[in-house]
Amino acid sequence: MVKRAFIIHGWGGSPKHGWEPWLKNELEKRGLEVYALSMPDSEHPKMSAWLEELRNSVVTPDKECYFVGHSLGCITILRYLETLEEGQEIGGVVLVAGFSDINITIGEDEDINEIGTFFETDVDFEKVKNHCKKFVGIHSDDDPYVPLRYADIFKEKLGAEIIVQNNMKHFSGEDGINQLPIALESVLKLSK
């Protein structure tokens with residue numbers, strides 16, 4: 001069975017910016033089938049549309065499916081896992097600058113209500129863990145938006161391996177992050 005990786009960008013993001021194109025290329029070089037998704041209406045995201053895009057791209061989830069999310073892409077993955085049927089399990093998830101509730105800091109020109117549909121209910125971490133046993137959370141010690149407390153939440157609620165990077169801000173292209181070797185290492189480790 002072919003190993004598949006799905007990369008889900010964040011709010012206002014694109015599969016063509018930041019480290020996502022580099023990661024796609026590096027994983028493909030190593031034999032994975034990689035889908036860097038272009039999530040609908042990225043500036044004004046709606047959970048239902050993002051979940052539909054992810055479902056339509058994955059089609060049949062299995063233990064050879066790996067997911068990498070950045071920022072809002074992380075909550076999208078967690079919400080997707082909540083919807084899987086009993087017995088469906090994926091191989092692993094890498095959460096880069098991920099968060100699980102709306103208590104984050106945003107830029108001055110952004111409206112937190114834009115992402116409200118992702119947080120109408122609390123994440124059901126038990127349900128999420130029923131569909132995936134391996135998680136890695138990658139955080140930065142100076143992320144201006146996502147506090148390090150989410151690393152603790154992912155470790156406690158998901159049993160995630162936590163990796164804290166120094167001076168990587170929000171891991172965005174705007175922060176000058178065009179490669180993310182730790183994400184590559186994490187996917188390769190999960191997919192062994």
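Nothing in this text is a laboratory measurement; each read-out follows from the coordinates by a stated rule. Remember, predicted model here, so these are calculated numbers, not experimental data. Reconstructed Cβ throughout: ideal geometry from the backbone, glycine too, with neighbour counts over all protein chains shown.
A compact table of results
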read-out: One residue from Glu126, Glu110 being under 17 Å from Lys169 (Cβ atoms), of a type in the set (D, E, K, R) and either in a loop (DSSP other than H, G, I, E, B) or free of Cβ contacts under 8 Å to residues at least 24 places away in the same chain (or both); value: Glu110
read-out: Meets criteria (surrounded by fewer than 17 Cβ atoms within 10 Å (Cβ to Cβ) and either of a type in the set (Gly, Ala, Ser) or under 14 Å from the mean Cα position of the chain (by Cα) (or both)) for Gly159; value: yes
read-out: Contacts under 8 angstrom Cβ, first residue in region 91-104 being over 16 Å from Asp143 (Cβ atoms) and touching a residue at least 40 places away in the same chain (Cβ under 8 Å), partner among the polar types (S, T, N, Q) and surrounded by fewer than 21 Cβ atoms within 10 Å (Cβ to Cβ), 6 or more apart; value: Gly91/Ser191; Gly92/Ser191
read-out: Matching residues in region 139-162 - criterion: being touching a helix residue (DSSP H, G or I) at 6+ places or on another chain (Cβ under 6 Å), hydrophobic (A, V, I, L, M, F, W, C) and either part of a loop (DSSP other than H, G, I, E, B) or closer than 26 Å to Lys16 by Cα (or both); value: Ala160
read-out: Every pair of residues 6+ apart whose Cβ atoms lie under 7 Å, when the first sits in region 1-25 and is within 14 Å of Val94 (Cβ to Cβ) while the second is surrounded by fewer than 23 Cβ atoms within 10 Å (Cβ to Cβ) and of a type in the set (Lys, Arg); value: Ile7/Lys24
